[in-house]
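Trainee: The structure under discussion is supplied below as structure tokens; questions concerning it will follow.
The values are calculated or read from the model by the stated rules, or taken from the named source; none is laboratory data. On a predicted model such as this, the values are computed, not experimentally measured, just so you know. When we count neighbours, we look across all protein chains shown, and the Cβ atoms used for this are built from the backbone with ideal geometry, even at glycine. Heavy atoms of the whole protein, side chains included, go into the accessibility calculation; ligands, DNA and RNA do not. Shrake-Rupley method; radii C 1.70, N 1.55, O 1.52, S 1.80 Å.
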Amino acid sequence: MIKMVLLSIWLQAPLDCFEPAVVETDYSISAQGVIKRESQHGVPLPAAVVVADLSDSGWLFSSQHTVVRTVLPVTAVSGQRHFEQLILLAYNPDQQAEQLLAVRLFHQQPSPWYFSDLRPYLDDDTLAADDAIIAAQWLELQLAAGWWLPLAGRAMQLPELYGGILHLPVVTTSSFDDCPEPPLDLVVHFIHMHSGHSTASSQQLTLPEPAPLQWHLKPQGEVFELWLHQAEQFWLLQPELQQILPDCLDCTETISDTAWPKYRPLAHFWLEQGVW
């Protein structure tokens, strides 16, 4: 009986059906959602520090995660606009649904976050409300420790970040008891990294096998195309890659190839003679 329960829990864990890429970070995540900082820029700390305890959610968390450094005008910790955003996945057994979470972590964070410090993502109804409601919701979300978003399916891998937009491939499935068999119906979601709301309509495609997915940027004139690649298959996801803007919560613009510096000076080496 115990073996069957453990097997059931394992099958419900996020990313259990697909081989995730190994990403090295300064953090570790337990199955209950306890997040610890174990190093600082790769240098091990004398003792691990608990920065978030999300165990009161009752969710089952994947240890796989990714971390990005970013900035917001307002944050949950006064005076600290720069922070690390930890992107992770969990499974909610009550709703039988996977969840995407973003947790903001600060180097001078006074105490650990708890699940109650996070907020639900901004949904389409909220974004359709008047400007005053949207502004209030956006301010509340920036003052929170992060957000969470339920997924209609099983995440195939961690999201890829381009221009402040998370690109998340989710396999549509009606059951979490077994891993889905190929071919796989896939939906790619485009998610605002700071609020969890959709920045564009999702893309649907079919995968011949549950093999790892790769992302490719291809210059096309003055814009970038975003392609998804698996084995010999290629899919064009965005003919013009977008990025979020600080002008408003739902503002985006096309990333221009001409706006990106092709070369950046990193160092100057002077020619020296007569030295060994």
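Trainee: Compute the Cα gyration tensor for segment 124-257, then decide on rounded, prolate or oblate, letting a ≥ b ≥ c be the square roots of its eigenvalues: rounded whenever a/c is under 1.5, prolate when a/b is larger than b/c in the other cases, and oblate in all that remain.
Mentor: Because a/c hits 1.5 or more and a/b fails to exceed b/c, segment 124-257 counts as oblate.
Trainee: Further question: Counting Lys and Arg as +1 and Asp and Glu as -1, each charge on the Cβ, what is the dipole of the chain about the Cα centre in debye, to the nearest 20?
Mentor: The dipole magnitude comes to about 840 debye.
Trainee: Next question. Whole Å is fine, so just give me how far the alpha carbon centre of segment 180-196 lies from that of segment 28-65.
Mentor: Between the Cα centres of segment 180-196 and segment 28-65 lies a distance of 25 Å.
Trainee: Say each of Ser201 and Ser175 gets a label point 7 Å from the Cα, pointing the same way as Cα to Cβ; how far apart are those two points in nm?
Mentor: So the label points at Ser201 and Ser175 sit 3.2 nm apart.
Trainee: Suppose R0 equals 30 Å. What FRET efficiency, 1/(1 + (r/R0)^6) with r the Cβ-Cβ distance, do Val49 and Arg81 give to the nearest 0.05?
Mentor: 0.90
Trainee: Give, as a single signed number, the net charge of other residues whose beta carbon lies under 10 Å from the beta carbon of Trp59, with Lys and Arg counted +1 and Asp and Glu -1.
Mentor: Here the charged neighbours net out to -3.
Trainee: Excluding Leu213 itself, calculate the net charge of residues whose Cβ lies under 12 Å from the Cβ of Leu213, where each Lys or Arg counts +1 and each Asp or Glu counts -1.
Mentor: Around Leu213, the charge tally is -3.
Trainee: Take the alpha carbon atoms of segment 131-162, find their center, do the same for segment 224-260, and report the distance between the two centers in whole angstrom.
Mentor: Measuring centre to centre over Cα atoms gives 19 Å.
Trainee: Another one. Multiplying the sequence separation of Leu139 and Ser256 by 0.36 nm and subtracting their Cα-Cα distance, what value in nm do you get?
Mentor: 39.2 nm
Trainee: Something else now. Does the chain come out rounded, prolate or oblate by the C-alpha gyration tensor, with a ≥ b ≥ c the root eigenvalues, rounded set by a/c under 1.5 and, if not, prolate when a/b is larger than b/c and oblate if not?
Mentor: In terms of gyration-tensor shape, rounded.
Trainee: Okay, helix-only estimate at 222 nm for the chain: each DSSP H run of n ≥ 4 adds -39500 (n - 2.57), divide by all residues, round to 500 deg cm²/dmol; what do you get?
Mentor: -3000 deg cm²/dmol
Trainee: Checking the a/c ratio against 1.5 first, then a/b against b/c, what shape does the Cα gyration tensor give for segment 1-140?
Mentor: Oblate.
Trainee: Taking GluC sites (Glu not before Pro) as candidate sites, keep only those in a DSSP loop with at most 14 other Cβ atoms within 10 Å, then name the longest stretch of the chain containing none of them.
Mentor: 25-221
Trainee: Given the Cα-Cα distance of Asp123 and Leu217 and 0.36 nm per residue of separation, how much length would full extension add, in nm?
Mentor: Going from the current span to full extension adds 31.0 nm.
Trainee: Now for a separate question. Rg and Dmax of segment 33-102, using alpha carbons, in Å: what are they?
Mentor: Reported Rg and Dmax, both Å: 14.0, 39.
Trainee: Hey, another quick one. Please compute the net charge surrounding Thr25, taking Lys and Arg as +1 and Asp and Glu as -1 over other residues with Cβ under 13 Å from its Cβ.
Mentor: Neighbour charge sum, excluding Thr25 itself: -1.
Trainee: Report the chymotrypsin sites (Phe, Trp or Tyr not before Pro) located in segment 116-148 that are in a DSSP loop and have at most 15 other Cβ atoms inside 10 Å of their Cβ, or state none.
Mentor: none
Trainee: Continuing with the same structure: Skip the ligands, DNA and RNA, and give the accessible area per residue of the chain with a 1.4 Å probe, whole Å².
Mentor: Each residue of the chain exposes 56 Å² on average to a 1.4 Å probe.
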